[in-house]
Amino acid sequence: IYCGAYDVKDNIAKMAATMSNVDEIRNRVILGEFNVKNVHTTDYPGNYPGYDDTWSLQKFQKNFRIDVVQMDETCMEFDMVGIDASIANAFRRILLAEVPTMAVEKVFIYNNTSIIQDEVLAQRLGLIPIKADPRLFEYRNAGDEEGTEIDTIQLQLKIKCTRNHQATKDSADPQELYLNHMVYSKDMTWVPIGNQADVLADANIGPVHGDILLAKLRPGQELDIVMHCVKGIGQDHAKFSPVATASYRLLPEITLMKTVEGEKAERLKRCFSPGVIELENHGGKVVAKVMNSRLDTCSREVLRHDDLKNAVKLARVRDHFIFSVESTGILPPDVLVSEAIKVLMAKCQRFLSELDSSEME
Amino acid sequence: MEILGDEFGGMTPQQLAAPVNTIEEKWKLLPAFLKVKGLVKQHIDSFNYFINVEIKKIMKANEKITSDADPMWYLKYLNIYVGMPDVEESFNVTRPVSPHECRLRDMTYSAPITVDMEYTRGSQRIIRNALPIGRMPIMLRSSNCVLTGKTPMEYSKLNECPLDPGGYFIVKGQEKVILIQEQLSKNRIIVEQDRKGAVGASVTSSTHEKKSRTNMIVKQGRFYLRHNTLSEDAPIAIIFKAMGVESDQEIVQMIGTEEHVMASFSPSLEECQKAQIFTQIQALKYIGNKVRRQRMWGGPKKTKMEEARELLASLILTHVPVKEFNFRAKCIYLAVMVRRVILAQGENKVDDRDYYGNKRLELAGQLLSLLFEDLFKKFNSELKKISDQIIPKQRAAQFDIVKHMRQDQITNGMVNAISTGNWSLKRFKMDRQGVTQVLSRLSFISALGMMTRISSQFEKTRKVSGPRSLQPSQWGMLCPSDTPEGEACGLVKNLALMTHITTDMEDGPIVKLAFNLGVEDVNLLCGEELSYPSVFLVFLNGNILGVIRDHQRLVYTFRLMRRAGFINEFVSISTNLTDRCVYISSDGGRLCRPYIIVKKGQPMVKNKHIEELTQGYRTFEDFLHESLVEYLDVNEENDCQIALYEHTINKDTTHLEIEPFTLLGVCAGLIPYPHHNQSPRNTYQCAMGKQAMGTIGYNQRNRIDTLMYLLAYPQKPMVKTRTIELIDFEKLPAGQNATVAVMSYSGYDIEDALVLNKASLDRGFGRCLVYKNAKCTLRRYTNQTFDKVMGPMLDAATRKPIWRHSILDADGICSPGEKVENKQVLVNKSMPTVTQTPLEGSAQPGQPQYRDVPVSYKGSTDSYIEKVMISSNADDAFLIKILLRQTRRPEIGDKFSSRHGQKGVCGLIVPQEDMPFCDTGICPDIIMNPHGYPSRMTVGKLIELLAGKAGVLDGRFHYGTAFGGSKVKDVCEDLIRYGYNYQGKDYVTSGITGEPLEAYIYFGPVYYQKLKHMVLDKMHARARGPRAVLTRQPTEGRSRDGGLRLGEMERDCLIGYGASMLLLERLMISSDAFEVDVCGQCGLLGYSGWCHYCKSSCHVSSLRIPYACKLLFQELQSMNIVPRLKLARYNE
């Protein structure tokens, strides 16, 4: 049997493995005390005798499913089951780096008498999420300084700090003494260019969060800044990343190998996150039972208890990805995910067409 | 109740058995201590002592000036003061000045020294008050500094950082520190073995007037006195006789009447006998003949005997006072020296030179007082010279000395000494270099670390381990970790956190007290009592005070008196049982630190005292006054039983340590869990902490320094230490908390390289600002011309400024906010071509000619102009300072370090999506290779990571204080509570494949410092470029765009390999190939095909040789050596 270029040891282990063991190797990642076992995908065609690992759409359609577990305007948790790690990871990577957003790219500082340096201020401005649907804009051409209505959003920040004459005489609180001494992202205002005022009238363009502190001013100091937001991707700069983070974890699977009773059961319960293990009363005996292994954080605490570590098996389901997408608020997370899928589709399309064109040559 | 015997300290069994309660939070004594003493306070105390007390003593010692020309004329100083720092606005108008103004305007922060004096003018006696004689640079935060007693608000109004420690000077705009100097203690007998194993004693005596060194040596069993004023070694018995102790019996009685002592001294007596010297006069004559001739100017001529007597009185053992040639005290001192040497012989009880009790530290005040006294004496002698010259001449106006008092001598003397660091005093033949250093403002810690630095006088090149190694007596006084590596290792040291250095104090009351406590005066003893086995000798600052029978009682009562506050808290008393001596010290420069007093097995400080301290009812002074805490110096520490912790207190314990972590200094105090690290790692971190960039002070943005590094987003460390809190490092941090994954990633992390996350850099991690300045002054010249700043030059065609002038304002100075590129002009200055006063008659008419001398920007990367300052300096010249700024994001090759001496350069920057991530979606900022751990053994870093991770999860800071801090167990329990692995190892998924990693990854936050070494400042390559004028070889060094040298060893490789053409190319063609014309007949160099020697061109051929070779030939010719080249065809 041809077994790929894996460890000889692995091969020997596999050959000696029984049928159920092979299933485990194929489908589970085992959390050992000192290392993680079976980390790699091995179910490619021909690797296991008696398994048909050829890819077919029907099989994929049968196995594949997405369950949205929880969703609000910024966060989403969904399960993606029945897919290879490489594809799931591709979605994660695309979410982080390749779904475009609009962010401040060019900062024109006409006046900055504040304590914060021009470059640092510009960097801070860049990192502010701008609420604008990137699908409505085009990428700006390289070398284009001006920008047009189809590729640029213009924002303005013009603010000056003054003394508050209403302040009480002996006050020492800057909040009361000065006006405008804290510059927040809400002070950035949208200046439509061209026909943007009509086209994007109800898009409500501006910073997502109004309470991001940009700079602190003192009387006499002022900021006079014009910003150009352009479309870009996270690969280029983290400010274009549409997500705070996007990641996944594998579904934990905890199996009790023997019955655990009494004090041990109590201890076992404490070894896992709350809700993973519950205690049941079986005829006066307290017996531990796995309730919801999804809740476990995989701290492997149980492996520190010598008497318990053989009673449980810690594993994770290889093709069950619990995705969590935290949007920066520019686009809702579900849109982001579908955008990510579109990006991947476009890439595949491009790849196919490349293949076609090279075949012709 | 039964009271146990003396061996149990007179305690009841109950008292003995009672457990010692730990004093909770006794570290709180530390901030209280640091408020009054410690760290930079010693510099300030010492300077205060100088300008308030010592300077008056110096004036008293030199108060009267008389003239040889007129016996009636005199000048007498009545008083001397140092005022407050000010600056002369215009003639005779002054105004107070702030330190920051001095920094910006390149001035000296100094105050006038004024005197009250009485003098005669003609026949009048005149008293004048407040006459200035010079200016004294003022130490920041000293009693005469404008900053003392100000609130933080007032500090900020003066543009000064309230956290700045002070203790330095501002001279010509530069911040200068006078380093603490370590010296062997003066006026103490040190018994040593020389290289041959012979025992000898030496004393370095020092008084205000003189310094001398007296040696006692043994040659063939006989004792001799060696002194550099004597041309040969003088037998000790003759010295005794010369000092008036003529009878041999008396000599022996003073030295000791024990059998073996007498036996070893008898050869010396015999020698005296042989030399036929029996009387004082004979002895003085003998010595008079051995006196090395001194400079004989001035004074009446003396006989040899008189000379010898003078010498014995004033030069040998100068510190022992001799009044009217009563040598009694000196004889006894000499006898004690002899006795020490005799007792030390055989038993090997020699003193340890490196023992810290034998060391004294010289601070700014002491050094300045030496300098000032020198300058003051010079000033006075100048006045005397002037009066001698002018009084004899008859003048219309009466001679008034005030008109001849010049201020600049003292002012310049002080300023030059501090700004160059050269301390040369003729009086003591002292010529030291590098006494002062520029205060390093790289980070707050580097500035603070500089204030605690001690430099030793020992030569750096000598390869001896003794003075460099860590002495047990340095415990608690000097930081065991903080020392540089390399040549200065162990010679440059740093003070520990709680060390204080004493200043001189009056010893009159101490003498009185000692006599009242039963010390018998030496002058009343016959001499034999000195060696009685029942008595102890009592020394005060190196002088013999007398003897005491019950030394224990003396020491005990003395300490009681000190604790009760009757004598100064810094007076120390200690017994030396081997030498049978009691030493009392009140001199300056001793190291001491506070301890909690323990009585009857119980510390005197109780929890209630600490509570009162926290509530603010108590200060550290109260602890001292109520005898709860006292200062011990190194010698007294040796005499005490000090418990480190409460549970180690036993019946003999006399003192309790306040906190063990105070044995570390400022720099080592930043390291979390240093007690888990291998010790050299802590030393490395001490050096690296000074290079970390971050914040340097609240006034950092108002400063215009030559070089300043700031971090864009500094953070306080997740794992702090008590020291960090005490020295306000968390208010002025230098570093960021980076999430670190300890794993291998790519191949770009070998040899300690780090892998950085690109997204973290995008978001501001490790981003730093580099500030540089450009300076220019506009001078006025003697011929009434002056420098000018011209407006930008316009391009003729476009009427726009030319590119080089494009950032200039209309006034010819660049405008803030502009971007400057390489070679652009910052200030368009022009200077008159003629600056000298024209000779008479040839007066230049009309407009002077000007020549452009622009200040232009040099640098491979662009900068921005932060601000422009236009002011005037002390010489009333215009001063233009421009602050330039660069923002840099970390790039490959930039250096980072954790706080555990683990430095590394960035090897790779990886996009976030390629980074591994844990279940919660966190990806690391830094990936560090695990190979960094096993050989370095920095367990502290591992613990810092755990504590940091737990702290982040818990939302609080953990402590990694030395010998304490959060326990690993507690920290790990916290991790479990938040669902993380106990060991801090997380399940991590690869960002590249999306599959889990086989290993669990040690993952969590560690405080990382960005060090000042950045690729941008170092990278250098050259293809073509400038050449040196003399040799025509490529220049050297990056700053001159130099070539990369193919050195001797590289050359050897190529020779060995046989790559001759490559050699020729590297060494000549690419360097300094030169065509020369050589005459084949005479072998000399010719020019353009013509041999000047042969006056022909027939044998001239052209060769290619290195220009340096041609130069050598010509230089040889200039030395009358003729190198001749023999030419032959290669195929012949």
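The values are calculated or read from the model by the stated rules, or taken from the named source; none is laboratory data. From a predicted model like this one, the values you see are computed outputs, not experimental measurements. Glycine gets a Cβ as well: all are built from the backbone with ideal geometry, and neighbour counts include every protein chain shown. Side chains included, ligands, DNA and RNA excluded: accessible areas come from the protein's heavy atoms. Shrake-Rupley method; radii C 1.70, N 1.55, O 1.52, S 1.80 Å.
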**OP:** Have a look at B:E891, B:E866 and point out the one that is open to solvent by 10 Å² or more (accessible area, probe 1.4 Å) and within 16 Å of B:S815 (Cα to Cα).
**Re:** B:E866
Subject >> Matching residues in region B:365-388 - criterion: being open to solvent by 30 Å² or more (accessible area, probe 1.4 Å) and touching a residue at least 60 places away in the same chain (Cβ under 8 Å) >> reply: B:Q366, B:K377, B:K384, B:D388
Subject >> Of all residues in region B:931-984 being of a type in the set (K, R) and over 33 Å from the mean Cα position of the chain (by Cα), the one that is farthest from the other protein chains (Cβ to nearest Cβ) >> reply: B:R956
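With respect to B:P1026, is the statement that it is exposed (fewer than 15 other Cβ atoms within 10 Å of the Cβ) and either under 30 Å from B:E1075 (Cα atoms) or within 13 Å of chain A (Cβ to nearest Cβ) (or both) true?
Yes.
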**OP:** Select, from B:I501, B:I510, B:I548, the only residue that is within 26 Å of B:M337 (Cβ to Cβ) and touching a residue at least 40 places away in the same chain (Cβ under 8 Å).
**Re:** B:I510
**OP:** Return the residue satisfying two criteria in turn: it lies in region B:870-888 and is open to solvent by less than 50 Å² (accessible area, probe 1.4 Å) and assigned to a loop (DSSP other than H, G, I, E, B), and of such residues it is farthest from B:R103 (Cα to Cα).
**Re:** B:A877
Original post:
When residues of region A:76-105 are filtered for being under 24 Å from A:L136 (Cβ atoms) and open to solvent by less than 60 Å² (accessible area, probe 1.4 Å), how many remain?
Top reply: 13
Subject >> Conditions (1) farther than 30 Å from A:L31 by Cα; (2) modelled with pLDDT of 90 or more: number failed by A:V243 >> reply: (1)
Original post:
Does A:A246 satisfy the criteria of being part of a strand (DSSP E or B), without any contact (Cβ under 8 Å) to a residue 40 or more places away in the chain and open to solvent by less than 50 Å² (accessible area, probe 1.4 Å)?
Top reply: no
**OP:** Considering only region B:1029-1072, state which residues are small (G, A, S) and either farther than 14 Å from B:A1108 by Cα or surrounded by 16 or more Cβ atoms within 10 Å (Cβ to Cβ) (or both).
**Re:** B:G1037, B:S1039, B:G1042, B:G1043, B:G1047, B:G1056, B:G1058, B:A1059, B:S1060, B:S1071
Subject >> Count of residues meeting criterion [farther than 18 Å from A:T162 by Cα and either open to solvent by 50 Å² or more (accessible area, probe 1.4 Å) or outside the structural domain of A:L179 (by the TED database) (or both)] in region A:214-234 >> reply: 0
Original post:
Can you tell which of B:S469, B:S424, B:S440 is surrounded by fewer than 18 Cβ atoms within 10 Å (Cβ to Cβ) and touching a strand residue (DSSP E or B) at 6+ places or on another chain (Cβ under 7 Å)?
Top reply: B:S424
Original post:
Which pairs have Cβ atoms under 9 Å, sit 6 or more apart or on different chains, and link a residue in region B:897-912 that is within 30 Å of A:I94 (Cβ to Cβ) to one that is of a type in the set (D, E) and open to solvent by 10 Å² or more (accessible area, probe 1.4 Å)?
Top reply: B:C906/B:E891; B:G907/B:E751; B:G907/B:D752; B:I909/B:E891
Original post:
If you check B:L530 against the conditions, is it touching a Lys or Arg at 6+ places or on another chain (Cβ under 9 Å), aliphatic (A, V, I, L, M), open to solvent by less than 60 Å² (accessible area, probe 1.4 Å) and more than 30 Å from B:G38 (Cα to Cα)?
Top reply: yes
**OP:** Would you confirm whether any residue within region A:192-210 is within 14 Å of another protein chain (Cβ to nearest Cβ), open to solvent by 10 Å² or more (accessible area, probe 1.4 Å), more than 20 Å from A:P332 (Cα to Cα) and touching a strand residue (DSSP E or B) at 6+ places or on another chain (Cβ under 9 Å)?
**Re:** no
Original post:
Restricting attention to region B:443-466, which residues are among the β-branched types (V, I, T) and either open to solvent by less than 30 Å² (accessible area, probe 1.4 Å) or at pLDDT 90 or above (or both)?
Top reply: B:I445, B:T452, B:I454
**OP:** Tell me which residues, restricted to region B:985-1017, are charged (D, E, K, R), open to solvent by 40 Å² or more (accessible area, probe 1.4 Å) and within 14 Å of another protein chain (Cβ to nearest Cβ).
**Re:** B:K985, B:E998
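Please list, ordered by residue number, the helices (runs of 4 or more DSSP H) wholly in region B:237-297 having 3 or more residues that are farther than 20 Å from B:Q220 by Cα. Show your work before the answer.
On the way: elements: B:248-255, B:259-274, B:280-290.
Here the list reads B:248-255, B:280-290.
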Original post:
Somewhere in region B:109-116, is a residue in contact (Cβ under 8 Å) with a residue 24 or more places away in the chain, part of a loop (DSSP other than H, G, I, E, B) and surrounded by 15 or more Cβ atoms within 10 Å (Cβ to Cβ)?
Top reply: yes
Original post:
Can you find a residue in region B:224-232 that is surrounded by 17 or more Cβ atoms within 10 Å (Cβ to Cβ), in a helix (DSSP H, G or I) and of a type in the set (A, V, I, L, M)?
Top reply: no
**OP:** Considering each residue of region A:324-361, count those that are open to solvent by 50 Å² or more (accessible area, probe 1.4 Å) and of a type outside the set (S, T, N, Q), and give that number.
**Re:** 18
**OP:** Sort out for me the helices (runs of 4 or more DSSP H) sitting completely within region B:605-674 that have 1 or more residues that are without any contact (Cβ under 8 Å) to a residue 40 or more places away in the chain and not small (G, A, S).
**Re:** B:607-615, B:620-625
**OP:** Note down all Cβ pairs under 9 Å where the first residue falls in region B:809-826 and is within 14 Å of chain A (Cβ to nearest Cβ), the second is open to solvent by less than 40 Å² (accessible area, probe 1.4 Å) and modelled with pLDDT under 90, and they're at least six residues apart or on different chains.
**Re:** B:V820/B:G859
**OP:** Go through region B:947-959 residue by residue and tally those that are touching a Gly at 6+ places or on another chain (Cβ under 7 Å) and buried (at least 24 other Cβ atoms within 10 Å of the Cβ).
**Re:** 4
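Can you tell me which residues in region B:867-891 are farther than 29 Å from B:R780 by Cβ, of a type outside the set (S, T, Y) and within 14 Å of chain A (Cβ to nearest Cβ)?
Of everything in region B:867-891, those that are farther than 29 Å from B:R780 by Cβ, of a type outside the set (S, T, Y) and within 14 Å of chain A (Cβ to nearest Cβ) turn out to be B:R885, B:Q886, B:R888, B:R889, B:P890.
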Subject >> region A:291-307, subset more than 12 Å from A:R270 (Cα to Cα), in contact (Cβ under 8 Å) with a residue 24 or more places away in the chain and assigned to a loop (DSSP other than H, G, I, E, B), residue farthest from the other protein chains (Cβ to nearest Cβ) >> reply: A:D307
